[in-house]
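Dumping the structure here so I can ask a few things about it.
The values are calculated or read from the model by the stated rules, or taken from the named source; none is laboratory data. Bear in mind the structure is a predicted one, so any value in this text is a computation, not a measurement. For neighbour counting, all protein chains shown are included, and Cβ atoms are generated from backbone atoms with ideal geometry for every residue, glycine included. Note: areas computed on protein heavy atoms with side chains; ligands, DNA, RNA excluded. Shrake-Rupley method; radii C 1.70, N 1.55, O 1.52, S 1.80 Å.
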Amino acid sequence: MAAKFQVLDEEYNNRHRYLSFSQQLARIENDAFKKLSQVHEDTPDAGDDTFFDQGVAKWKEINTSVHFAGLLQEIRGLSGSIELLVHNQVILIDTLLNHLGVKDSLALEVVLDLLVQLARDLRSEFYNHF
């Protein structure tokens, strides 16, 4: 965080001047809007059409639990392109929410990550469900 005091003269190192709140704020570098615009500019890699599909592909390699296999079976064929994902968004969200409720699930981290990836793909349409 920026210092609250500013040196008045190079010669006198112990003389400081109090900075007002607005001056302190002006010294702070805020990249929040820049980061937000970068999130919206992100697009999935050329190999996959959606972030959701990328997440499923990633977790297929990492998680081989029975719970995840059941989830994969339920969501198979519901995504593949952004159009198909938007069309099946209600089914996908209901399926993910059902798997969030499974007690002692070994796929909890997977379900949470896929929910985030689905939100990245659906953007403002995702808000309607919560």
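Return the residues of the range 84-126 that are open to solvent by 20 Å² or more (accessible area, probe 1.4 Å) and either assigned to a loop (DSSP other than H, G, I, E, B) or closer than 16 Å to SER65 by Cα (or both); say none if nothing qualifies.
Residues satisfying the conditions are HIS99, LEU100, GLY101, VAL102, LYS103, ASP104, SER105, LEU106, LEU108, GLU109, LEU112, ASP113.
Please name all residue pairs, on different chains or six or more residues apart, with Cβ atoms under 7 Å, provided the first residue is in the range 54-65 and is modelled with pLDDT of 90 or more and the second residue is open to solvent by 100 Å² or more (accessible area, probe 1.4 Å).
GLN54/ASP45; SER65/LEU106
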